[in-house]
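The structure appears below as structure tokens.
The values are calculated or read from the model by the stated rules, or taken from the named source; none is laboratory data. Here the structure is a predicted model, which means the values were calculated and not measured. Every residue, glycine among them, receives a Cβ derived from its backbone with ideal geometry; neighbour counts consider all protein chains shown.
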């Protein structure tokens, strides 16, 4: 009898280990199942983007007249310090004050500086859909760098945008294809940094001064007068 006890103890210990192993396996598969269900629920409830129309893909926010003799296009990133500095410099306002409708200024998203930049660009496009692009654009630069989606949504509410429309637009990635379009355009032009500009086809790398832009604009207007 004394010799049988260790064997029984060994068998009992082995059985306990097997039972514990089965329990761990059951718990693991249960957790995996819960994760799969959660992912499925998220996929089903997440807003789905509507395909953008040709007209929307061609729409870029701008100041000035569509018939302006000079067009300045800026490829820029809301989380770019140099872009923010140029925005704060007042060069654009000076151009507008000096030339009025003779110069058209166009914004193109070029979100290449941070991982949060593309979503900020999408948010700007969502604001454009509600007619408040420039107000949102200015607020993003005032708060730059912006990294959180909740902040992007809070800014929309601050500006009086419809929060449900804005949040659905942002969460669904509604305007991601528009942002991708302008980003690819910038790369095709050979831009590797922001900001970058095109003035009637002439490329400018980096933030230009008022004098630099004036030296390009004046000869063009002189010829077309």
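Scanning region 93-109 for residues that are under 17 Å from residue 196 (Cβ atoms) and assigned to a helix (DSSP H, G or I) turns up just one, 95.
Scanning region 209-220 for residues that are surrounded by fewer than 20 Cβ atoms within 10 Å (Cβ to Cβ) and out of contact with any helix residue (DSSP H, G or I) (no Cβ under 6 Å at 6 or more places or on another chain) gives 209, 211, 212, 214, 215, 216, 218, 219, 220. Scanning region 176-190 for any residue that is closer than 19 Å to residue 86 by Cα, modelled with pLDDT under 95 and surrounded by 15 or more Cβ atoms within 10 Å (Cβ to Cβ) turns up nothing.
Of all residues in region 199-225, those satisfying the criterion of being assigned to a strand (DSSP E or B) and more than 16 Å from residue 102 (Cα to Cα) are 202, 203, 204, 205.
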